[in-house]
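Written out below as structure tokens is the structure these notes cover.
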Amino acid sequence: MSAVDAARSEGQDDAATLARKRRFMMRMVIVLVGGMFIDGYILGIIGPVTHTIELDHRFTTVWIGLEAASAMIGILIGSPIGGWLADKIGRRPVLFWDLAFFAIFSARQVFVDGPWQLFLVRLGMGLAVGIEYAVGWPMLAEFVPDRLRGKLLCTTLIAWYGGFMVAFIIGYYMDKAGVDWRITLGTSTIIAVALLLGRIGLPESPRWLWSQGRTDEAHALVDEYLDTVYRTDMERAASGGPKGTFKMLFSPAVWRSTVFMSIFWACAVAPYFAIATFADSLLGDIGMKGLARGVILSVFAWIGVICTTLVIDRFSRRTMTVPTQWIAGGLLVAIAVMGYFVLPVGQIGVASIIMLLLFLAYSFMNAVYNCMTTIYPAEVFPTEVRAIGTGFAAAVSRLGAAAGLFLIPLSMDHLGFTWTMVFAGIVAFAGAIVSQILAPETSGKSLSELAADVSH
């Protein structure tokens, strides 16, 4: 073989290697983003069948609230467990088995009989989703290039809102067709099985291996799937350092990240989850009818996430986080004030149209800073506690969301629409205050640089 032929062969091998690495990265992104699609799906699918479930006299108002909140409660339990496992035994095994666990419980929805069974089954599904939260985002952040980290983590939220919206549409038409609500809920099984097959054979996170002192394995994976830039940044971090524990989340170096991430995340998701899950009845109160009132908030949130993803690297993290929360809180208070005048009328008019526009503006604005709940956990927690920190913050956030889902039907029954929206606005303002004080600026930094910032 001539020197020219050898050089050409080497170039072809390089091109083939690059193509293989791109295919791997695409597969990694799809199967991890898909986990967020499932989360949105199981929360969105229950909304359009709630009124059908209520036809069974065993499902009281309290039980309906519990069924809606059950997945959130499961996430509350599963997130810290998943974070602890992912930092202790690795990202790879947890990522596979939690989805297998989800698929089993999802299929079990088809056979439930009564409120207790549905609650326990959806609790199990939430448990698996909570584990997914704790390991999926850290895994994605630890593989993707720094220049794409913000955009790709935002993409997971595009999937979440897309899952919520798709589920509501599917549930709406299946309910209209007279399909049993158990079968409608069980449709999430199909998605789960497809994603589970895609996760077979995924490698471990090189950064996690490096943090455990398994440097040879980390180097081998970087050579096979990643590049020299990744390797250089990974090697800046200490190898074989202290193992992550829950206690480390409240150490002098990390406590600010833990407090900020937990409260910010809870205040970001609690009002939206409650409003979006019961949007069908809330928007019905101001005169909207049909499918639109069930999905319109998710559509605008979806648009908000897409817009945020497109501009995420043009603005600082704090700019995307702090002002948007103040605006969202103001919109919720405005909705409450408008509701005081619109609801007694009971028909579509100028005031109710303005109120609808306020709802849509809130949904869009909330989506902007909700994107930051996917980015900040990967950036404010070092590798040793990235999964534990993400899991803990996710648990706190879902505690708030579960409370919102459980309380909103009771609040609507006993306090009315106006006061329900006032309390939602107060929650948004609380998140804005915490972010104003504690939110760090993490834009444009590698994971090793961010870890060094935390330690100092």
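Each residue in the range 403-419 was checked for being assigned to a helix (DSSP H, G or I) and either in contact with a Lys or Arg (Cβ under 9 Å, 6 or more places away or on another chain) or without any contact (Cβ under 8 Å) to a residue 24 or more places away in the chain (or both), and 2 of them qualify.
Listed by first and then second residue, the pairs linking a residue in the range 94-122 that is over 20 Å from residue 31 (Cβ atoms) to a residue that is assigned to a loop (DSSP other than H, G, I, E, B), with Cβ atoms under 6 Å apart and 6 or more places separating them unless they lie on different chains, are 109/186; 110/186; 114/58; 115/58; 115/59; 118/112; 121/112.
The set of residues from the range 126-138 being out of contact with any Ser or Thr (no Cβ under 6 Å at 6 or more places or on another chain) and aliphatic (A, V, I, L, M) comprises 127, 128, 129, 131, 135.
Residues checked against (1) touching a Pro at 6+ places or on another chain (Cβ under 6 Å); (2) among the aliphatic types (A, V, I, L, M):
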{"residue": "395", "(1), (2)": "yes, yes"}
{"residue": "403", "(1), (2)": "no, yes"}
{"residue": "418", "(1), (2)": "no, no"}
{"residue": "435", "(1), (2)": "no, no"}
{"residue": "445", "(1), (2)": "no, no"}
{"residue": "448", "(1), (2)": "no, no"}
{"residue": "451", "(1), (2)": "yes, yes"}
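Hey, could you check the range 45-67 for residues that are hydrophobic (A, V, I, L, M, F, W, C) and closer than 21 Å to residue 173 by Cα and say which is farthest from the chain's Cα centre (by Cα)? If we take residues in the range 45-67 being hydrophobic (A, V, I, L, M, F, W, C) and closer than 21 Å to residue 173 by Cα, then 55 is farthest from the chain's Cα centre (by Cα). For the range 150-171, the count of residues that are out of contact with any Asp or Glu (no Cβ under 9 Å at 6 or more places or on another chain), free of Cβ contacts under 8 Å to residues at least 60 places away in the same chain and assigned to a helix (DSSP H, G or I) is zero. For the range 397-456, a residue qualifies if it is within 23 Å of the chain's Cα centre (by Cα) and of a type in the set (Val, Ile, Thr), and the qualifying residues are 408, 426, 427, 433, 434, 442.
Residue count for the range 22-74, restricted to those that are surrounded by fewer than 20 Cβ atoms within 10 Å (Cβ to Cβ) and under 30 Å from residue 224 (Cβ atoms): 8.
Each value in this text was obtained by applying a stated rule to the coordinates, not by laboratory testing. Remember, it's a predicted structure, so these values are computed and weren't measured experimentally. Cβ sites come from the backbone with ideal geometry, for glycine too, and all protein chains shown count toward neighbours.
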